[in-house]
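A short worksheet on the structure shown next.
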Amino acid sequence: LVDAQPDLEVVAACGDLPALLSAVDEHRPEVVVTDIRMPPTGTDEGIQAAADLRIAAPSIGVVVLSQYANPAYALALLDGGSEGRAYLLKERVADVDELLAAIRDVAEGGSVIDPKVVESLVSATSRRRATELDRLTPRETEILQEMATGKNNAAIAATLILSERAVEKHVANIFLKLDLSPDDQ
């Protein structure tokens, strides 16, 4: 649908974050359209790509598509400014014209944030105070929630479709960020 537009050209389609970053290096597009979650970990690779590009190629815009109106994801995407960034909910991009308009806006340096995402940001910031838990990434928060139910790393890995090693790394980060010392329990 995008490639059918006379003023837009799809230069690559990528299946994971390393391929996306490689394609960006090769083609230097004006805009990257990415899912928020993609391989290899299925967590927040779209946000990671946007953060990497903000440093390595700040002129490249990023349109992130997500199933989630997650305030943490939106704040991470907008860290460093909203210029050239879009956060769209897949369910609300039923009309391809909305996606095309966002791509064009981002290419010109603008930003587009889905109204539901803005609503979740306002709601999240107005109803609670900041805590140490705010230092956790969305994936770390998911893992901590699973830990709170009493699951071990293997069970968490199975639930969240991750490797046990990935869970171990996230758990270590959780302990570090929350200034907890890990012990046998």
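The values are calculated or read from the model by the stated rules, or taken from the named source; none is laboratory data. Being a predicted model, the structure only gives us computed values, none of them experimental. Quick reminder, even Gly has a Cβ in these numbers, built from the backbone with ideal geometry, and neighbours come from all protein chains shown. To get the accessible areas, we keep the full protein, side chains included, count just its heavy atoms, and leave off ligands, DNA and RNA. Shrake-Rupley method; radii C 1.70, N 1.55, O 1.52, S 1.80 Å.
Going from most exposed to least, what order do Leu1, Leu8 have by accessible area with a 1.4 Å probe? Walk me through the numbers on the way to the answer.
Numbers: Leu1 150, Leu8 30 Å².
Descending order: Leu1, Leu8.
Relative to the longest principal axis of the Cα atoms of the chain, helix 138-148 runs at roughly 30 degrees.
Divide by every residue of the chain the summed helix terms, -39500 (n - 2.57) for each DSSP H run of at least 4, and state the resulting mean residue ellipticity at 222 nm, rounded to the nearest 500 deg cm²/dmol.
Working: 8 runs with 89 residues, N = 185.
The helix contribution divided over the chain gives -14500 deg cm²/dmol.
Specify whether the C-alpha gyration tensor of the stretch 67-131 places it in the rounded, prolate or oblate class, a ≥ b ≥ c being the square roots of the eigenvalues: rounded for a/c under 1.5, otherwise prolate if a/b is larger than b/c and oblate if not. In terms of gyration-tensor shape, oblate. Heavy atoms of the protein chains alone define the surface here; on that basis the chain has 58 Å² accessible area per residue at 1.4 Å probe size. Within the accessible surface of the chain, defined with a 1.4 Å probe on protein heavy atoms only, the carbon and sulfur portion equals 52 percent. Note on the chain: lysine pairs with Cα distance below 30 Å, sequence gap of 8 or more or different chains, count 6. Between Val62 and Val32, Arg85, Ala86, the built amide H atoms are under 5 Å apart, and every one of these is 5 or more places off in sequence or on another chain.
Placing +1 on each Lys and Arg Cβ and -1 on each Asp and Glu Cβ, with no other charges, gives the chain a dipole about its Cα centre of roughly 580 debye.
Indicate the gyration tensor shape class of the chain (rounded, prolate or oblate), computed on the Cα atoms with a ≥ b ≥ c the square roots of the eigenvalues: a/c under 1.5 is rounded; otherwise a/b larger than b/c is prolate and the rest oblate. Before the final figure, lay out each step's value.
Working: a/c = 2.16, a/b = 1.68, b/c = 1.29.
Verdict is prolate for the chain.
Where does helix 17-27 land angle-wise versus the long Cα axis of the chain, in degrees 0 to 90, nearest 10? Computed tilt is about 30 degrees.
Evaluate the charge dipole of the stretch 101-180 about its Cα centre and quote only its size in Debye, nearest 20, assuming +1 on the Cβ of each Lys and Arg and -1 on the Cβ of each Asp and Glu. If you can, show how the numbers build up before the last one.
On the way: 11 positive and 12 negative charges, 29 e Å.
For this selection, approximately 140 debye.
Solvent-accessible surface (1.4 Å probe) assigned to Tyr68 amounts to roughly 80 Å². About the centre of its Cα atoms, the stretch 1-109 shows a dipole size close to 280 debye [charges on the beta carbon of Lys, Arg (+1) and Asp, Glu (-1) only; nearest 20 debye]. Among residues other than Ala157 with Cβ under 10 Å from its Cβ, the summed charge is -1 (Lys and Arg +1, Asp and Glu -1). Any chance you could give the angle, 0 to 90 degrees and rounded to 10, that helix 115-127 forms with the longest Cα principal axis of the chain? Once rounded, the angle reads 30 degrees.
Charges on Cβ only, +1 for Lys and Arg, -1 for Asp and Glu, centred on the Cα centroid of the stretch 43-134; of Leu99, Thr131, Ala50, which one is farthest towards the dipole's positive end? Among Leu99, Thr131, Ala50, the one farthest towards the positive end of the dipole of the stretch 43-134 is Thr131. Other residues with beta-carbon under 14 Å from the beta-carbon of Leu136 carry, at +1 per Lys or Arg and -1 per Asp or Glu, a net charge of -3. Think of the chain as having a plus end and a minus end, set by charges on the Cβ of Lys, Arg, Asp and Glu; of Val32, Ser120, Ala13, Ser120 sits farthest toward the positive end of this dipole.
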